[in-house]
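The values are calculated or read from the model by the stated rules, or taken from the named source; none is laboratory data. Note that the coordinates shown come from a computational prediction; the quantities given were computed from them, not determined experimentally. Glycine also receives a Cβ, built like all others from the backbone with ideal geometry; neighbour counts cover every protein chain displayed. The protein model used for the area step is the full one, side chains on, heavy atoms only, and it has no ligands, DNA or RNA in it. Shrake-Rupley method; radii C 1.70, N 1.55, O 1.52, S 1.80 Å.
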Amino acid sequence: HLLSLSSVDNFTSFHSRQATTFTIAIMGDFDERVASAIPAEIYMFAGAGDSQQSTEVSNVKTFELPDPAGKAGGACTSALLQTLYRDEDDDDIRYTWKETLELMREKIEEIGLTQVPQLSSSRAIDVNEELHIVPPDCTGTKRALLVGINYEGEANALTGCQKDTRNVKEFLIEVCGFERENMLILMDDGKHHLPTKKLIEDGLTTLANISQPGDSIFFQFSGHGGQIEDRSGDEDDGYDEILIPGDFKENGHIVDDWIYDEFVTKVKAGVHVVAIVDCCHSGTAMDLPYVCNVGDSEIRRDEGFKIPASGMELKPKKDKDKKKSKKSGDKAEKSEKKKKKSKKDSEGEAEEEEPKKEKKAKKKKKAES
């Protein structure tokens, strides 16, 4: 009763604007801190969300892709390539990030599959802008790491991953202007370097180290993916996403934390990175901070991406492990000091004991005489 209706409207409008300004300020701070931690623009297409299974396509001809080997191809890779392939004489066909996701989903649905592709990014981009595998102003070198693993001879063998890699290689050379000499291709086909954990990790770290502003990177992985228990505390769902290399039995998996720490944060500012990870549980395989799903009108912050409460830089994901290690080291140091003190005390007691024995011996000798 003390405020007129117009006053109430003004009061509500004022606080609404204040809340909006506060939200923008928070997001602005988040964006700045992300840019400080991840210098490069990185975009990743995932074959499925973290909780979804990826699927092979039994007949890539459904997508009208080049198929010299006649083997199966991954659903996400095939859908993306079919969307991006253009007639050389038709320069008017261009798609936005949002349209590309939607067209990929349509092509996957056409063959009766239910998986939903996902886009993640290191920047809060406008998804209605045109997608570029290589930006128009790219003046540097175009490099690629392509990995296709069929797990030949294993009980869980796949049939389409090598085909994915061959198709991507053709696309990058024919459509995007990549040169074969700037590609590292890892496949378990007996003709290429084996897709071992070490070679995949070395390939990613090398790309991060040698690429300079103006360069472009393309990373493709087709194979098995999975989840393991999160031990660093950075995953809301309690699981880390993993890529499974060809020698997983001997050398284990490639964890998303490692990809983030050793590749995502190491690529220099001014380098353009596009990746396609076509495997199960691949939604956040690179731990990027922004996510867009099919049907979303804008990209959003991934709520599972954690930033420290203060400081402009994101702390390394392994800080907890380092703290544990430091605590263990402090305990070991204290234990060593305790042992040394105990040893000194024992030596002191032994030194005091010696004169007592001498006195007793003298008394005994005197008594005998």
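List the number of the failed condition for LYS163; all other conditions in (1) modelled with pLDDT under 95; (2) within 23 Å of the chain's Cα centre (by Cα); (3) assigned to a helix (DSSP H, G or I) hold.
(2)
Restricting the search to region 129-160, which residues are in a loop (DSSP other than H, G, I, E, B) and among the β-branched types (Val, Ile, Thr)?
ILE133, VAL134, THR139, THR141, ILE149, THR159
Taking region 241-281, which residues are in a helix (DSSP H, G or I), more than 17 Å from ILE149 (Cβ to Cβ), charged (D, E, K, R) and open to solvent by 40 Å² or more (accessible area, probe 1.4 Å)?
Listed by number, the list holds a single entry, GLU262.
The rows are residues; the columns are (1) surrounded by fewer than 19 Cβ atoms within 10 Å (Cβ to Cβ); (2) closer than 18 Å to ALA40 by Cα; (3) in contact (Cβ under 8 Å) with a residue 24 or more places away in the chain; (4) of a type outside the set (S, T, N, Q).
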site: SER120; (1), (2), (3), (4): no, yes, yes, no
site: GLY153; (1), (2), (3), (4): yes, no, no, yes
site: PHE178; (1), (2), (3), (4): no, no, yes, yes
site: LYS198; (1), (2), (3), (4): yes, no, yes, yes
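Under 25 Å from ILE259 (Cα atoms) and hydroxyl-bearing (Ser, Thr, Tyr): is that true of THR159 in this structure?
No, not satisfied.
Filter region 177-202 for residues that are in contact with a Ser or Thr (Cβ under 9 Å, 6 or more places away or on another chain) and small (Gly, Ala, Ser) and give the result.
Result: no residue meets the conditions.
Which ones in region 180-196 are under 24 Å from the mean Cα position of the chain (by Cα) and open to solvent by 30 Å² or more (accessible area, probe 1.4 Å)? Break it down into steps so the answer makes sense when it comes.
Our first condition is that a residue be under 24 Å from the mean Cα position of the chain (by Cα); within region 180-196, this holds for 182-188, 193-196.
Correct list: ASN182, LEU184, HIS193, LEU194, THR196.
Name the residue, out of ILE93, ILE111, that is open to solvent by 40 Å² or more (accessible area, probe 1.4 Å), at pLDDT below 90, aliphatic (A, V, I, L, M) and touching a strand residue (DSSP E or B) at 6+ places or on another chain (Cβ under 8 Å). Step through it out loud before you land on a result.
Numbers: ILE93 fails: touching a strand residue (DSSP E or B) at 6+ places or on another chain (Cβ under 8 Å).
Of the residues listed, the single one that is open to solvent by 40 Å² or more (accessible area, probe 1.4 Å), at pLDDT below 90, aliphatic (A, V, I, L, M) and touching a strand residue (DSSP E or B) at 6+ places or on another chain (Cβ under 8 Å) is ILE111.
Name every residue in region 114-125 that is assigned to a loop (DSSP other than H, G, I, E, B) and at pLDDT 85 or above, in order of residue number.
Passing the criteria: VAL116, PRO117, SER122, ARG123, ALA124, ILE125.
Against the definition (under 22 Å from the mean Cα position of the chain (by Cα) and in contact (Cβ under 8 Å) with a residue 60 or more places away in the chain), how does GLY140 come out, yes or no?
no
Which is out of contact with any His (no Cβ under 8 Å at 6 or more places or on another chain), open to solvent by less than 10 Å² (accessible area, probe 1.4 Å) and modelled with pLDDT of 95 or more, of SER211, SER222?
Numbers: SER222 fails: modelled with pLDDT of 95 or more.
Criteria check complete, one pass: SER211.
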